[in-house]
Amino acid sequence: MRLVIDERRCKGCNLCTTVCPYHIFQEGRHLNERGIAIPVLDRPERCTNCRLRRLYGRQLCGACQLICPDQAIYWEEDDPYAAEKVVIEY
Amino acid sequence: MSTETFGKWYREDRLPHIFCTGCGNGTVMNCTIKAVDAMGWEIDDTIFVSGIGCSSRAPGYISTDSLHTTHGRALAFATGVKMANPDLHVVVFTGDGDLAAIGGNHFIHACRRNIDLTVICMNNMIYGMTGGQGSPCTPVGKISTTTPYGAAEPAFDLTELAVAAGANYAARWTSYHVAELIKAIRAGLETPGFSFIEALVQCPTAYGRRNKFRQVGEQVEYMRSHAMLLQKKRRLEEQGKDVPDDMFTVGEFVRRYRPALGVRK
């Protein structure tokens with residue numbers, strides 16, 4: 001799974017930066033063509049849902065998707081699926 | 001493109017919605033859709049009803065049948081829908097100005113009749129759409145365009161009002177507490193009879209701009225740090241300690257099973 005921010009929907013409110021337990025979302029600095037600073041993803045492979053969804057078979061965490069008022073955050077299937085080594089610091 | 005639940009319930013051709021940057025109404029919509037989907041309801045047997053205001057634009061983005069009614073009369077229309085076909089699941093989106101100010105009478109009588117509805121009140125403490133006039137839920141001392149020296153009147157406590165008027169379920173959460181809000185909405189949908197869920201939402205444009213919450217995150221941080229659980233407040237009162245004035249109470253206020261109107265035997 002891969003974490004994605006939909007650039008057509010995001011309005012740059014930065015609410016996702018306040019809820020992620022791993023601080024994956026960081027405030028963006030560069031404006032896009034609509035004049036909105038989209039948050040940037042800092043090592044998104046650490047996301048709980050990306051790593052463990054396949055193992056548990058259900059939605060995990062998902063706080064960023066729920067709090068996003070613009071429905072701009074979602075997960076995409078990676079294909080082909082490749083095992084990846086991830087270092088988690090708390 | 002989004003996940004399965006949201007893709008099913010949202011009208012993706014209508015998104016992005018017109019709510020301002022950082023408005024909490026979208027969060028409450030997400031939580032409602034998660035709860036409705038967890039109930040296993042279908043698009044064809046669910047109806048969303050709303051009145052007038054920012055919050056009341058929400059059903060327009062959801063793919064179920066919906067009614068966008070006159071100001072304050074969402075509950076009256078929802079009562080009609082429920083009476084006409086008690087098999088439908090009726091959910092009402094409403095705001096504080098819609099529910100407490102102009103629709104106050106409909107609200108207390110819907111609570112008294114205990115109709116099988118679920119009401120989700122997005123309380124942003126101001127009239128957001130018309131330019132930031134003071135609503136019955138504006139806290140004392142807060143600035144709005146009609147209260148430029150600070151609101152002088154005490155604010156309505158809508159959840160306590162619902163409890164006193166006889167609702168079967170009443171809870172209050174904020175748009176920061178998403179997981180708890182989903183649980184509360186789920187419990188409200190499951191409870192037969194009138195369920196009232198008040199969700200405090202941030203309003204950066206009309207409310208936060210005038211009340212020292214210029215950034216969206218500041219008001220969300222305020223809701224996080226100033227929310228006090230109902231059980232904790234009751235415990236403090238039992239022990240005779242002071243409850244801080246600036247805290248607001250969150251939690252499940254009541255869950256009871258009084259006889260309800262509009263439930264098939």
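The values are calculated or read from the model by the stated rules, or taken from the named source; none is laboratory data. These figures come from a predicted structure and were not determined experimentally. We place every Cβ from the backbone using ideal geometry, glycine too, and count neighbours over all the protein chains shown.
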* Tell me, which residue of region B:40-59 that is surrounded by fewer than 22 Cβ atoms within 10 Å (Cβ to Cβ), within 18 Å of residue B:195 (Cα to Cα) and within 19 Å of the chain's Cα centre (by Cα) is farthest from the other protein chains (Cβ to nearest Cβ)? -> B:47
* To do: Look through A:66, A:41, A:60 and report the one residue that is within 12 Å of the chain's Cα centre (by Cα) and within 13 Å of chain B (Cβ to nearest Cβ).
  => A:66
* To do: Determine whether region A:43-56 contains at least one residue that is closer than 27 Å to residue B:13 by Cα, in a loop (DSSP other than H, G, I, E, B) and out of contact with any helix residue (DSSP H, G or I) (no Cβ under 8 Å at 6 or more places or on another chain).
  => no
* Structure fact -> Across (1) under 13 Å from residue B:254 (Cβ atoms); (2) over 14 Å from the mean Cα position of the chain (by Cα); (3) not in a loop (DSSP other than H, G, I, E, B), residue B:179 clears everything bar (1)
* Answer residue from region B:171-230, given it is among the hydroxyl-bearing types (Ser, Thr, Tyr) and within 20 Å of residue B:125 (Cβ to Cβ) and is surrounded by the most Cβ atoms within 10 Å (Cβ to Cβ) among those -> B:175
* Options A:22, A:74: the member that is hydroxyl-bearing (Ser, Thr, Tyr), within 10 Å of chain B (Cβ to nearest Cβ) and touching a residue at least 24 places away in the same chain (Cβ under 8 Å) -> A:74
* Structure fact -> Residue pairs qualifying under the 9 Å Cβ cut-off, at least six apart or on distinct chains, with the first in region B:1-20 being more than 9 Å from chain A (Cβ to nearest Cβ) and more than 21 Å from residue A:58 (Cβ to Cβ) and the second being part of a helix (DSSP H, G or I) and at pLDDT 90 or above, are B:11/B:60; B:11/B:61; B:14/B:60; B:14/B:61; B:18/B:57
